[in-house]
Amino acid sequence: MCTETATRKFEKVCQILDLHQRDPSKLIPILQEVQKVYRYLPEEVQAYIATGLGLSPAKVYGVASFYANFSLEPKGKYVVHVCDGTACHVKGSSLIKEALFKKLNLSTEKKTTEDMMFTVEAVSCLGACGLAPVMTINDKVYGQVTPEMAAGLIDEIADEEKK
């Protein structure tokens with residue numbers, strides 16, 4: 001069980017560990033659920049998970065850093081993935097990424113806005129080549145995207161957030 005101090009600091013993590021019976025073989029689903037809470041996997045949370053599962057922190061870090069779906073850096077509330085696979089690239093996905101970077105004052109080095117609202121990342125494939133160019137915002141897929149459409153979607157989200 002979790003101690004009272006740990007429960008306050010890592011309450012959700014404790015619940016997730018307990019839900020999975022603190023089974024080390026369930027490390028990946030545990031990390032997935034924890035990432036949904038924090039939007040990334042903070043180092044101190046990885047160490048706490050390691051302790052809770054009886055694993056070394058290096059083992060947890062190794063899994064977290066190996067799989068592309070885990071993030072070791074904070075991400076925004078809205079994660080925008082711009083497909084840069086062959087079909088999307090040929091149809092101008094780099095222009096979409098550039099438009100989003102310009103709109104949000106981001107770059108390949110700085111992928112998350114200061115207010116932690118948006119993260120923009122290029123991904124190698126979203127598996128929707130017939131809709132190229134494609135992007136997702138969180139889990140919603142947008143096909144045949146233009147740079148103007150991408151910027152408009154950001155505006156819509158920003159407007160909704162202000163309400």
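The values are calculated or read from the model by the stated rules, or taken from the named source; none is laboratory data. Remember, predicted model here, so these are calculated numbers, not experimental data. Quick reminder, even Gly has a Cβ in these numbers, built from the backbone with ideal geometry, and neighbours come from all protein chains shown.
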Restricting region 143-163 to residues that are in contact with a helix residue (DSSP H, G or I) (Cβ under 8 Å, 6 or more places away or on another chain) and not in a helix (DSSP H, G or I), which is surrounded by the fewest Cβ atoms within 10 Å (Cβ to Cβ)? Q144
For region 23-44, indicate whether the set of residues that are exposed (fewer than 14 other Cβ atoms within 10 Å of the Cβ), of a type in the set (V, I, T) and free of Cβ contacts under 8 Å to residues at least 24 places away in the same chain is non-empty. no
Report every pair of residues separated by at least 6 positions or lying on different chains whose Cβ atoms are under 6 Å apart, first residue within region 132-156 and in the same structural domain as G85 (by TED's automatic domain parsing) and of a type in the set (S, T, N, Q), second loosely packed, with under 14 Cβ neighbours inside 10 Å and assigned to a loop (DSSP other than H, G, I, E, B). none
When the residues of region 1-50 are narrowed to those that are closer than 26 Å to T119 by Cα and of a type in the set (V, I, T), which ends up modelled with the lowest pLDDT? V37
Checking I96 against (1) surrounded by 15 or more Cβ atoms within 10 Å (Cβ to Cβ); (2) touching a Leu at 6+ places or on another chain (Cβ under 9 Å), the condition it does not meet: (2)
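Applying the selection to region 123-142, what residues are more than 12 Å from the chain's Cα centre (by Cα) and either surrounded by 15 or more Cβ atoms within 10 Å (Cβ to Cβ) or outside any loop (DSSP other than H, G, I, E, B) (or both)?
Start the filter on region 123-142 by keeping residues that are more than 12 Å from the chain's Cα centre (by Cα), which leaves 124-135, 140-142.
Result: L126, A128, C129, G130, L131, A132, P133, V134, M135, K140, V141, Y142.
Return a yes/no flag: does region 89-97 have any residue that is at positive phi and either without any contact (Cβ under 8 Å) to a residue 60 or more places away in the chain or not assigned by TED's automatic domain parsing to the domain that holds L17 (or both). Reasoning before the result, please.
Pass one, region 89-97, residues at positive phi: 92.
Restricting the remaining residues to those that are either without any contact (Cβ under 8 Å) to a residue 60 or more places away in the chain or not assigned by TED's automatic domain parsing to the domain that holds L17 (or both) gives 92.
For region 89-97, residues at positive phi and either without any contact (Cβ under 8 Å) to a residue 60 or more places away in the chain or not assigned by TED's automatic domain parsing to the domain that holds L17 (or both): present.
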Return the only residue of A58, A68 being surrounded by fewer than 18 Cβ atoms within 10 Å (Cβ to Cβ), among the small types (G, A, S) and under 25 Å from D139 (Cβ atoms). A68
Go through region 45-72 and give me each residue that's within 9 Å of the chain's Cα centre (by Cα) and over 18 Å from V13 (Cα atoms). N69
